[in-house]
Amino acid sequence: MSEILDTGPTPAQPAPLAPKATGRKSSERRLAYWLIAPAAIVMALVTGYPIVYAFWLSLNKATLTAPDEQKFIGLSNYGTVLSDGYWWSALGVTVFITLVSVLIELVLGMAIALVMHRTLFGRGVVRTVVLIPYGIVTVAAAFSWYYAWTPGTGYLANLLPDGSAPLTQQWPSLFIIILAEVWKTTPFMALLLLAGLALVPDDLLKAAQLDGAGAWTRLFRIILPLMKPAILVALLFRTLDAFRIFDNIYVLTAGSNGTGSVSMLGYDNLFKAFNLGVGSAISILIFLCVAIIAFVFIKGFGTAAPGSDDEGR
């Protein structure tokens, strides 16, 4: 009996979907580039020239008191700044204020965001009241804190023992500066985190509650992991903003008693000493610090970064 072979057509195998998905991602990425291109070009034109000119000034010996004596000196201004104890002291103060204020704002902002998210009645009123401090001009808010801590006339200073002058001492001044920062910008942090809470499905929280998960378990195992993109944005924006702190320090202490930030140091050199070379070098160093902070945040959070793919590339 002869063996019969089936020579009919082999059924077609379904094509893999990965290349199509990859092509879709590439198409979406190109579309995103085209959409942000106009804004990126405008930003480059507006900010590019000042940055380049500041870098050029940082390579020169240039002062407003002797504008005709400008001379190229290479990286000497950077050596002057980095070898000076004032820069490192100001950098330490800046990092301390940034870390403490942003950490407090994250905790308080998360608590306020949860309250606003769960408010059933008068939600609009609650959100408006919470955002009032953020709507006040920073300098105006700083003056209110300054008068509050002024001995003899300030209502907060009157709570302290006689003879106390907290704004004339380093550590009390630093904590008052942090208090002013936290009061002013916690609503901004809360607003960003409130948007992140919309990423958390209520059905998932209800299912976890039915399974016996407590409030803390739901917070740390469900809510916070799903909010990673929003937390990244909130931390990134506030860290960059806090690192450039100037207004509150200028009004409250003017940078005296060891409370000056790197921005105050740049201001003193540019607008008080009229040293354009050293002041521009400080500005470029601040720019580099901000760029490094942004890079560390994006790399550190990996796939939590908005716009990153599943592999975190």
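Per the listing Ser280, Ser261, the residue uniquely touching a Gly at 6+ places or on another chain (Cβ under 9 Å), among the hydroxyl-bearing types (Ser, Thr, Tyr) and closer than 28 Å to Trp171 by Cβ is Ser261. Among the residues making up region 144-153, a single one is more than 13 Å from Ile176 (Cα to Cα) and either at pLDDT 85 or above or of a type in the set (Lys, Arg) (or both): Pro151.
Taking Ser58, is it hydroxyl-bearing (Ser, Thr, Tyr), surrounded by 10 or more Cβ atoms within 10 Å (Cβ to Cβ) and modelled with pLDDT of 90 or more? If you could, list the steps in order and put the result at the bottom.
Numbers: hydroxyl-bearing (Ser, Thr, Tyr): yes; surrounded by 10 or more Cβ atoms within 10 Å (Cβ to Cβ): yes; modelled with pLDDT of 90 or more: yes.
Considered against the rule, which asks whether it is hydroxyl-bearing (Ser, Thr, Tyr), surrounded by 10 or more Cβ atoms within 10 Å (Cβ to Cβ) and modelled with pLDDT of 90 or more, Ser58 comes out as yes.
Residue-level check: of (1) out of contact with any Pro (no Cβ under 7 Å at 6 or more places or on another chain); (2) closer than 17 Å to Val102 by Cα, Asn257 misses just (2). Could you go through region 189-208 and let me know if any residue there is without any contact (Cβ under 8 Å) to a residue 12 or more places away in the chain, at positive phi and of a type in the set (Gly, Ala, Ser). There is no residue in region 189-208 that is without any contact (Cβ under 8 Å) to a residue 12 or more places away in the chain, at positive phi and of a type in the set (Gly, Ala, Ser). Taking the conditions (1) free of Cβ contacts under 8 Å to residues at least 60 places away in the same chain; (2) within 18 Å of Val102 (Cα to Cα); (3) buried (at least 17 other Cβ atoms within 10 Å of the Cβ) in turn, Val130 satisfies each one other than (1). Taking into account only those residues within region 107-126 that are in contact with a Ser or Thr (Cβ under 9 Å, 6 or more places away or on another chain) and in contact (Cβ under 8 Å) with a residue 12 or more places away in the chain, which is surrounded by the most Cβ atoms within 10 Å (Cβ to Cβ)? Within region 107-126, the match that is surrounded by the most Cβ atoms within 10 Å (Cβ to Cβ) is Gly109.
Give me the helices (runs of 4 or more DSSP H) completely within region 223-267, filtered to those with at least 2 residues that are in contact with an Asp or Glu (Cβ under 6 Å, 6 or more places away or on another chain), ordered by residue number. First the steps, then the outcome.
Values: elements: 228-243, 247-252, 262-267.
Once the helices (runs of 4 or more DSSP H) in region 223-267 are filtered for at least 2 residues that are in contact with an Asp or Glu (Cβ under 6 Å, 6 or more places away or on another chain), nothing remains.
Quickly run through region 180-221 and pick out the residues that are in a helix (DSSP H, G or I), more than 27 Å from the chain's Cα centre (by Cα) and of a type in the set (Asp, Glu). Once the filter is applied, which keeps residues that are in a helix (DSSP H, G or I), more than 27 Å from the chain's Cα centre (by Cα) and of a type in the set (Asp, Glu), region 180-221 yields Asp202, Asp203.
Go through region 268-301 and give me each residue that's in contact with a strand residue (DSSP E or B) (Cβ under 7 Å, 6 or more places away or on another chain) and part of a helix (DSSP H, G or I). Walk me through how you get there before you give the answer.
So in region 268-301, the residues in contact with a strand residue (DSSP E or B) (Cβ under 7 Å, 6 or more places away or on another chain) come out as 269, 274-277.
If the condition is that a residue be in contact with a strand residue (DSSP E or B) (Cβ under 7 Å, 6 or more places away or on another chain) and part of a helix (DSSP H, G or I), then Asn269, Leu276, Gly277 are the ones that fit.
The values are calculated or read from the model by the stated rules, or taken from the named source; none is laboratory data. Everything quoted here is computed from the prediction, not taken from an experiment. Virtual Cβ from ideal backbone geometry, glycine too; neighbours counted across all protein chains shown.
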